[in-house]
1. Among the numbered criteria (1) farther than 24 Å from residue 157 by Cα; (2) out of contact with any strand residue (DSSP E or B) (no Cβ under 9 Å at 6 or more places or on another chain), which one does residue 53 miss?
2. Identify, by number, the condition in (1) assigned to a loop (DSSP other than H, G, I, E, B); (2) crowded, with 18+ Cβ neighbours inside 10 Å; (3) of a type in the set (Asp, Glu) that residue 129 doesn't meet.
3. Sort out which residues of the stretch 92-139 are within 12 Å of the chain's Cα centre (by Cα), over 25 Å from residue 153 (Cα atoms) and of a type in the set (Gly, Ala, Ser), and write them in order of number.
4. Can you tell me how many residues within the stretch 46-96 are among the β-branched types (Val, Ile, Thr) and either more than 18 Å from residue 12 (Cα to Cα) or part of a loop (DSSP other than H, G, I, E, B) (or both)?
5. Residue 36 passes all but one of (1) assigned to a helix (DSSP H, G or I); (2) surrounded by fewer than 11 Cβ atoms within 10 Å (Cβ to Cβ); which number fails?
6. Could you give every pair whose Cβ atoms fall below 6 Å, whose first residue belongs to the stretch 132-161 and is under 17 Å from residue 91 (Cα atoms), and whose second residue is in a helix (DSSP H, G or I) and not polar (S, T, N, Q), counting only separations of at least 6 or pairs across chains?
7. Among the candidates 30, 36, 65, 82, which residue alone is touching a residue at least 40 places away in the same chain (Cβ under 8 Å) and more than 18 Å from the chain's Cα centre (by Cα)?
8. (1) touching a residue at least 12 places away in the same chain (Cβ under 8 Å); (2) open to solvent by 30 Å² or more (accessible area, probe 1.4 Å); (3) under 22 Å from residue 123 (Cα atoms): which one isn't true of residue 54, the others all being true?
Amino acid sequence: MGLERVRLQPVGEGDLALLERFLVEPESAGPFQWYGWSDPRRWRRRWAENGLLTDDGGQLMVASGDERLGFVAWRRIVVRPGSSCWNMGIQLLPHAQGRGIGTRAQRLLVEYLFAHTPVVRIEADTEAENIAEQRALKKAGFTREGIRRSIVFRDGRWRDGVCYSVLRDDLPAGSAGR
């Protein structure tokens, strides 16, 4: 699969089973995204309500050809009244990891958000131990900003996180959203 074939697309009803896997299968969620079992029907309820796309965030499927590889998500972070940014994340099936797909999908989401919303800042966070995701964010154009100590509880202990951001002005000339 060529990375140029990686695309983002709205979640269809047939994609909901894949999203549910991330909530009920530790091996699908992976070591940095498994937080215990949770209600898999939440995806169906939200999809029925709004297709998983709202003014305050959303989910898009990461796909190549007919294959669904995971999803990207974003949510609005209100910094102060009248000022907000996006916080984004990604979840890929294990067989799609380590192949550049995540970097490509994250770059596509950044371009999409800058092209279709007026925000100037997009943030992403990952655990300090998730070196592969840190490399992917850097390759996708994000800048490391710092460590957030004991920010997430997973697998019986508190873990540090690393903050990244990309600004609209960080994109090369001619990119979407400029």
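The values are calculated or read from the model by the stated rules, or taken from the named source; none is laboratory data. It should be emphasised that the depicted structure is a prediction, and the values quoted were computed from it without experimental measurement. Glycine also receives a Cβ, built like all others from the backbone with ideal geometry; neighbour counts cover every protein chain displayed. Protein only, heavy atoms only, side chains kept; ligands, DNA and RNA dropped before computing areas. Shrake-Rupley method; radii C 1.70, N 1.55, O 1.52, S 1.80 Å.
1. (2)
2. Of everything listed in (1) assigned to a loop (DSSP other than H, G, I, E, B); (2) crowded, with 18+ Cβ neighbours inside 10 Å; (3) of a type in the set (Asp, Glu), residue 129 misses just condition (2).
3. Within the stretch 92-139, 105 is the sole residue that qualifies.
4. Selection size over the stretch 46-96: 3.
5. For residue 36, the failing item is (1).
6. Listed by first residue and then by second, the contacts come to 136/102; 140/107.
7. Matching residue, one of 30, 36, 65, 82: 65.
8. That leaves (1) as the condition not met.
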